[in-house]
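Enquirer: Pasting a structure here, questions to come.
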Amino acid sequence: MGISSANKISRRSALANGAMIAAGLAVGPLAARAQNLAPQANKARKITGRDSLKSHAAHHGLLAGTAVNVRALGAQPEYARVLAEQYDIVVAENAMKWGPLRPTPDTFFFTDADALMAFAAEHKMKVRGHNLCWHSQLPTWFASTVTKENAHRFLVDHITTVAGRYRGRIEAWDVVNEAVQVSDGRPDGLRNGPWMKLLGPEYIDLAFRTARQADSHALLTYNDYGVENSSEDATKKRAAVLALLRGMKARNTPLDALGIQSHIHTGGSFGAGIRDFMASARDLGLKIFLTEMDVNDSNLTYNDIARTDHAVAETYRDYLTTTLAEPAVTAVLTWGFTDRYTWLAGGFRGQSKHPQRPLPFDANYQPTEAFFAIRDAFDHRKTPRTAV
Ligand code: XIL
C-alpha cells in the first residue's frame, strides 16, 4: 500500500472514530487498529508525558524498558531524549557482558557500563543487569586461559566484582543466560556450553549463590529465549527450563525471577504453552520479566513498509495480550527502541534488501505502529492486585 492510500484509510478511520465518539461509543481496538495502518497519522498522535509508554505501563503495574546501545546514547541527543521520555528501566545491550567488560584476564573495562548507570540515575530509571554468566560473547582470551582448574575462581571473581560494583543499584540481574539447549542432547536439557564443560551443571547454582552474596538487593533472574511460541521445539524448551527452575528451588538456590527474552517473529502463534509456563513460574514464587522483546519480520514475503509495520504491530499486540494477562509479569523491555540500532539490522528480508523494522520507533525516531500496539496492550491489561 502506498502512502496516499494509507492516508485515505487514516482519514476515513479518523472520521469513523469522530462519529463514534460523537455517538458516545467507545473507540474499540478494531478502530484503533485501522487507524494505526497510517504511518503519517502516527506522527500526529501524542506520545510523551502521560501518553508515554512508561506512563501507560505504570497504570497497569508494569515497568517499560529497553536495551541501550551505550555508544549511541553518548553520540545521539535524540536517542537520549526518547529514551528518557519513554522508559523507566534500562539494560545494557552489550556493556555488562563478559566480552566488553573483560579486555584481559586481570582487568575490567567499566566505562560504558558506568555511563549507563549514570544516565539511569540522572533520569531516575531502574537498571537490569545483563548478564553474569553466558556461553556467548566471552572474551577472546577465555578459551585459552580458563581451565577446569581455575574456572570456579574466574566465575566467582567476575560475579563478585561486577555485581559488587553495582550493588544496590540493579533492579534485577540476569545471573545465568540461556543455559538450556535441548538439541545439545543432554537428558536434563542443559546446554553443553563452555561453563558446563568447565564446571558441570553446578555452575548455575554457583553463579546464583555468588550473585546473592555480591548484591542481596537485586532480583536474581534466569533468562532464556525460544520458549514463547506454540511450536514443538518451544514446548520442549519450556519443559526443560521449568525442570531447571524447579530443581533450583528444590536446592534452595537463590532465584527470584524468570526472564523471557521474547525475540519473536511475525505470524508466530502464542497461546496455552506460554500461559501455562508463566503460571508454573509464578507457582514457584518467581516474578516474570519480558526482557528482550522484538519482532523479526524476515519471514514476510512482501516489501511494503505499511504492511510490514502492521504485521509487526499485530504480533506485538497478540504476544503482549497473551503474556500480560499473567499477573506475575512486572516489566516489559524491548531489545532496543529504534530501528536505527536493532541487532536484527543485518537481516534482510528475502531478496528485497529491505531493513527490518522490529522496534517501536523507526530509524528516525518516529513511533511506528508497534509503539501504539504496545501501549494498547498495556492499556488492555487488567491491573494485577499485586501491582508494583
Ligand atoms: C545481542 C546484541 O544485541 C548484539 O549487539 C550482540 O552482537 C550479540 O548479542 N539474547 C541475549 C542478548 O541475551 O544478549 C543478545 O544481544 C540477543 C539475544
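Nothing in this text is a laboratory measurement; each read-out follows from the coordinates by a stated rule. Nothing here was measured: the structure is a model prediction, and the numbers come from that model. Here the Cβ positions follow ideal geometry from the backbone for every residue, glycine too, while neighbour counts run over all protein chains shown.
Enquirer: What translational D, rounded to a whole number of µm²/s, comes out for the chain from Stokes-Einstein when the hydrodynamic radius is the Kirkwood one over Cα pairs, at 4 °C and 1.567 mPa s?
Expert: 60 µm²/s
Enquirer: Amide H of L190: which non-local residues (sequence gap of 5 or more, or other chain) have their own amide H closer than 5 Å, using H built in the peptide plane?
Expert: Q181
Enquirer: Another question, if that's okay. Between A250 and D114, how high is the FRET efficiency from 1/(1 + (r/R0)^6) when r is the Cβ-Cβ distance and R₀ = 25 Å? Nearest 0.05.
Expert: It comes to 0.10.
Enquirer: For Cα pairs less than 8 Å apart in space and 6+ apart in sequence, what is the mean separation divided by the residue count of the chain, i.e. the relative contact order in percent?
Expert: It rounds to 17 percent for the chain.
Enquirer: Here's something else I'd like to know. Based on the alpha-carbon set only, what is the convex hull volume of region 72-155 divided per residue, in Å³?
Expert: 102 Å³
Enquirer: Pairwise over distinct Cα atoms, reciprocal of the mean inverse distance: report the Kirkwood radius of region 283-333 in Å, one decimal place.
Expert: When all Cα pairs of region 283-333 are included, the Kirkwood radius is 12.6 Å.
Enquirer: Let me ask you something else. Return Y365, Y341 ranked ascending by Cβ neighbour count within 10 Å, so the fewest neighbours appear first.
Expert: Listed from fewest to most nearby Cβ atoms, that is Y365, Y341.
Enquirer: Express the C-alpha Rg of region 255-341 as a ratio against the empirical globular expectation 2.2 N^0.38 Å, rounded to two decimals.
Expert: Normalised by 2.2 N^0.38 Å, the Cα Rg of region 255-341 equals 1.17.
Enquirer: Suppose every Lys and Arg Cβ carries +1 and every Asp and Glu Cβ carries -1, with no other charges. What dipole size does the chain come out with about its Cα centre, to the nearest 20 debye?
Expert: Once rounded to the nearest 20, the dipole reads 600 debye.
Enquirer: Of A313, Q261, N229, which is farthest on the positive side of the dipole of the chain, counting Cα position, with +1 on Lys and Arg Cβ, -1 on Asp and Glu Cβ, and the Cα centre as origin?
Expert: A313
Enquirer: Would you order T308, T145 from fewest to most other beta-carbon atoms within 10 Å of each residue's own beta-carbon?
Expert: By the 10 Å Cβ count, ascending: T145, T308.
Enquirer: Follow-up. Give the order of F378, F110 when sorted by the count of other beta carbons within 10 angstrom, beginning with the fewest.
Expert: Lowest to highest Cβ neighbour count: F110, F378.
Enquirer: Which residue, G168, G129, G65, has the most motion in a Gaussian network model of the chain that connects Cα atoms within less than 10 Å?
Expert: G168
Enquirer: Taking the Cα centre of region 164-239 as origin, sum charge times position over the Cβ atoms of Lys and Arg (+1) and Asp and Glu (-1), and report the length of that vector in debye to the nearest 20.
Expert: That gives region 164-239 a dipole magnitude of about 300 debye.
Enquirer: For every helix of n ≥ 4 consecutive DSSP H residues, a contribution of -39,500 (n - 2.57) applies; sum these over the chain, divide by its total residues, and give [θ] at 222 nm rounded to the nearest 500 deg cm²/dmol.
Expert: -13000 deg cm²/dmol
Enquirer: Then there's this: Mind telling me which of A44, A306, A377 comes out most flexible in a GNM of the chain, alpha-carbon contacts under 10 Å?
Expert: Most flexible of the set in this elastic network: A44.
Enquirer: Follow-up. What is the set of long-range amide H partners of L63 at a cut-off below 5 Å, with H atoms built 1.01 Å from backbone N?
Expert: A331, V332
Enquirer: With no solvent and one point on each alpha carbon, what is the Debye value of log10 I(q)/I(0) for region 38-187 at q = 0.17 Å⁻¹?
Expert: Computed log10 I(q)/I(0) values: -1.01.
Enquirer: Can I ask one more? Using modelled backbone amide H atoms (1.01 Å from N, in-plane), which distant-in-sequence or interchain residues come within less than 5 Å of H265's amide H?
Expert: Sorted by chain and number, the residues that satisfy this are N296.
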